[in-house]
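So that we are looking at the same thing, I have put the structure below in structure tokens.
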Amino acid sequence: MYKIAIAGASTLLGKELKDALSDSPLAASHFTLFDEEEAQGQLDQVGDEVTFVQTIAADSFEHVDFTFFCGSEEMTRKHWRAALRAGSTVLDLSGALDQEAGVLVRSPWLGSQAVTPDLFTPAVVPAHPAAIALALLMERLELAAKVRSATATVLLPASEFGRAAMDELHQQTVTLLSFQNLPREVYDAQVAYNLLSSLGESATISLRAVEARIRRHYAALLLGIHAPLSLQGIHAPVFHGHAFSIALELEKPVEIAQLEETMSGEHLDLVLEDTDSPSNLAATGQNDVLVRIRTEKDSAGKVSRLWVWAASDNLRLYAQNAVDCALDLRRLRPAGTVQ
């Protein structure tokens, strides 16, 4: 029985995390929900527990075992040290702490990690879901052959940037169809029916910041023991789900059947038929990364160059990995600490 706080409980990621916790071994915990003032007093539910959303006060983290930060980076930076001082284990999903000294970027789904949290770890950052998907793919591929080069394009949805971004994409879609002026408060650019590698000068969000974060988390997950990855982030005019186009070159030719066997397993769902190609819609609600291998066969049936097309539910993977990080951290919390 633990006491768990969720800061940013009303955000898209906060709602997905509540669902993931409700279906986990932590579902019997006591939950406290926090958010910005405009969400104060909202009635919410985690598992069978109904509670109200509160604002964060000076004593909010007293006797809290785990604190998940799912809101803005500003909220995390303002309150995470107070949670630490209260003795809470901090898990940051906001992207604020991954460059703080001693903070670890984690995914228990990767087998190649050598650094694990201990009692001196100030906080844990559950890895970005795009970094997890890419690291999983690279780790599995290298069971078949060493990767010489890897280049990935990551298609990012509006939900990557929160509810305001999703609302603006929706509003732009509607206003374009009715020949009205486009709202641009979030993107400062037309994102509806458009693919963008950068946003307007006055945009309140940054593609480059997300791109850099994915690179950092990917490097942290694989600890430099796999081939480096060249990566570009593109904003796609979709509401939900990551999609990945990855070009790979192996150091030696490998049988296609061996590649397919390698890419099948926990957290990866290999799709064999073109008619069931991975997509952001097909990935919605899935716990796994959907993967399709595309190759040009030679006469021997072996390939050294291939494409991987993959898709995943960005919010669901983020929440599921965060819960697994918390389950992994239970070993650092003495039993019976909840007051």
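The values are calculated or read from the model by the stated rules, or taken from the named source; none is laboratory data. From a predicted model like this one, the values you see are computed outputs, not experimental measurements. Using ideal geometry, Cβ is built from the backbone for each residue, glycine included, and neighbour counts are taken over all protein chains shown.
If you go through region 48-81 one residue at a time, how many are buried (at least 17 other Cβ atoms within 10 Å of the Cβ) and either assigned to a helix (DSSP H, G or I) or aromatic (Phe, Trp, Tyr) (or both)?
Total meeting the criteria: 8.
Which residue, of Gly241, Gly301, is farther than 23 Å from Glu142 by Cα and in contact with a helix residue (DSSP H, G or I) (Cβ under 8 Å, 6 or more places away or on another chain)?
After ruling out the rest, the residue left standing is Gly241.
May I ask you to list the residues in region 5-30 that are surrounded by 23 or more Cβ atoms within 10 Å (Cβ to Cβ) and assigned to a strand (DSSP E or B)?
Residues satisfying the conditions are Ala5, Ile6, Ala7.
Any residue that is within 16 Å of the chain's Cα centre (by Cα) and in contact (Cβ under 8 Å) with a residue 60 or more places away in the chain - is there at least one of those in region 85-93?
yes
Which numbered condition trips up Ser198, out of (1) free of Cβ contacts under 8 Å to residues at least 24 places away in the same chain; (2) closer than 25 Å to Ser304 by Cβ; (3) of a type outside the set (A, V, I, L, M, F, W, C)?
Going through (1) free of Cβ contacts under 8 Å to residues at least 24 places away in the same chain; (2) closer than 25 Å to Ser304 by Cβ; (3) of a type outside the set (A, V, I, L, M, F, W, C) one by one, Ser198 breaks only (2).
Something else about it: I'm trying to understand the selection: among the residues of region 125-141, which are surrounded by fewer than 24 Cβ atoms within 10 Å (Cβ to Cβ) and either more than 17 Å from Ala220 (Cβ to Cβ) or not assigned by TED's automatic domain parsing to the domain that holds Lys302 (or both)?
Matches in region 125-141: Arg140 only.
When you scan region 94-101, do you find a residue that is among the charged types (D, E, K, R), in contact with a Phe, Trp or Tyr (Cβ under 9 Å, 6 or more places away or on another chain) and in contact (Cβ under 8 Å) with a residue 60 or more places away in the chain, even just one?
No: zero hits.
Shifting gears a bit: Answer yes or no: is there a residue in region 109-123 that is touching a strand residue (DSSP E or B) at 6+ places or on another chain (Cβ under 7 Å), outside the structural domain of Ser245 (by TED's automatic domain parsing), small (Gly, Ala, Ser) and buried (at least 18 other Cβ atoms within 10 Å of the Cβ).
yes
Is it the case that region 296-304 has a residue that's over 23 Å from the mean Cα position of the chain (by Cα), of a type in the set (Val, Ile, Thr) and surrounded by fewer than 16 Cβ atoms within 10 Å (Cβ to Cβ)?
no
The rows are residues; the columns are (1) surrounded by 18 or more Cβ atoms within 10 Å (Cβ to Cβ); (2) in contact with a strand residue (DSSP E or B) (Cβ under 9 Å, 6 or more places away or on another chain); (3) in a strand (DSSP E or B).
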{"site": "Ala150", "(1), (2), (3)": "yes, yes, yes"}
{"site": "Thr153", "(1), (2), (3)": "no, yes, yes"}
{"site": "Glu160", "(1), (2), (3)": "yes, yes, no"}
{"site": "His170", "(1), (2), (3)": "no, no, no"}
{"site": "Thr175", "(1), (2), (3)": "no, no, no"}
{"site": "Gln180", "(1), (2), (3)": "no, no, no"}
{"site": "Asp188", "(1), (2), (3)": "no, no, no"}
{"site": "Asn194", "(1), (2), (3)": "no, yes, no"}
{"site": "Leu199", "(1), (2), (3)": "yes, yes, no"}
